[in-house]
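The values are calculated or read from the model by the stated rules, or taken from the named source; none is laboratory data. As the structure is a computational prediction, the values presented were derived from the model and not from experiment. We place every Cβ from the backbone using ideal geometry, glycine too, and count neighbours over all the protein chains shown.
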Amino acid sequence: MKLERIQEGLFNPSIAVLRGDEYLAFRRDKPPWNSGKSAILVSKNGSQPLVAKVGVEDPRLFVYAGHLLCSYNTTFAAKGCCIGVMELDGPSVVSDRVLKYGAPIEKNWAFFSFGTRIYCIYNHNPYTVLSFGANWSISKKTHATNMSWDYGPIRGGTPPARIGDNCYTFFHSSLPTKHVGICVGPYYTGCLEFSARPPFAPKRYTKKPLYSPTGDEDLAIFPGGAVFRDGTWRLACGRNNVGSCILEIPHSEVERAL
């Protein structure tokens, strides 16, 4: 396992590969950029990240029908926040749609595609997959599962990536502090394996974290995207809400933990 810092000031990144080009998307939050207003920036093959959309957070890149898409959540407001999906051409937004579904606060959907449809992992406990039809109409499939995980509530997660008959998504969790009862870290990273074909039934998951912080320096590692290359997973991760990193995990290590 290897952790490499790649950006300071840009965090909670995602990663995807389309036609041999590697894209990274980042969240930006602090002044002097836009007086502290959040934004999503996109980089292609290591180029300077450019602003794609202002006022949204936590990008997750995925590929659908040869197009680069990016999900995000709207910034918190009195009425909560929800998930949106935009198609990108580099940093340019081709189309954009906000999805009205679920609870007042929606975050951490993990989108992927199969055939002509878009899906997402909506929840892990119970394991729930959403399917999107015409005009982003939504149907839901819930599997009776009980993922025992001792490191806080499981949250998505990287857009699933396929290897053979299986897909893999890397989730995160955090434990509440003893003082205020909210999750502020440390963050833990695990992996879920599920069938690559509908209804995308879960198969295995790591019972212990693949990544656990060893000190305050990298207390909150937040995976937002994963690509598989030469037997190794490259996870684009936020780091402590101040920077970004690439976490490399050999697939053999994932297999041993499943």
Give me a count of the residues in region 115-136 that are assigned to a strand (DSSP E or B) and either within 22 Å of Pro223 (Cβ to Cβ) or of a type in the set (Asp, Glu) (or both).
11
Scan region 79-88 and tell me whether some residue there is touching a Leu at 6+ places or on another chain (Cβ under 7 Å), of a type in the set (D, E, K, R) and closer than 25 Å to Cys237 by Cβ.
yes
Search region 1-23 for residues being outside any strand (DSSP E or B) and farther than 19 Å from Val93 by Cα, and hand back the single one that is modelled with the lowest pLDDT.
Met1
Pick from region 203-258, criterion modelled with pLDDT under 95 and among the β-branched types (Val, Ile, Thr), ranking: nearest to Val17 (Cα to Cα)
Ile221
The one condition Phe26 fails out of (1) over 22 Å from Ile118 (Cα atoms); (2) at pLDDT below 95 is (2)
Answer residue from region 137-149, given it is in contact (Cβ under 8 Å) with a residue 40 or more places away in the chain and of a type outside the set (Lys, Arg) and is surrounded by the fewest Cβ atoms within 10 Å (Cβ to Cβ) among those
Ser148
Scan region 13-30 and report the pairs whose first residue is surrounded by fewer than 21 Cβ atoms within 10 Å (Cβ to Cβ) and whose second residue is among the hydroxyl-bearing types (Ser, Thr, Tyr), with Cβ atoms within less than 7 Å and a gap of 6+ or a chain change.
Asp29/Ser38
Considering residues of region 102-112 that are of a type outside the set (Asp, Glu) and without any contact (Cβ under 8 Å) to a residue 40 or more places away in the chain only, the residue nearest to Ser14 (Cα to Cα)
Ile105
Looking at Phe26, Phe112 in this structure, which one is in contact with a Leu (Cβ under 9 Å, 6 or more places away or on another chain) and either assigned to a strand (DSSP E or B) or not charged (D, E, K, R) (or both)?
Phe26
Suppose we keep only residues that are in a loop (DSSP other than H, G, I, E, B) and either among the small types (Gly, Ala, Ser) or touching a helix residue (DSSP H, G or I) at 6+ places or on another chain (Cβ under 8 Å) (or both) within region 53-101. Which one would you say is farthest from Leu10 (Cα to Cα)?
Ala65
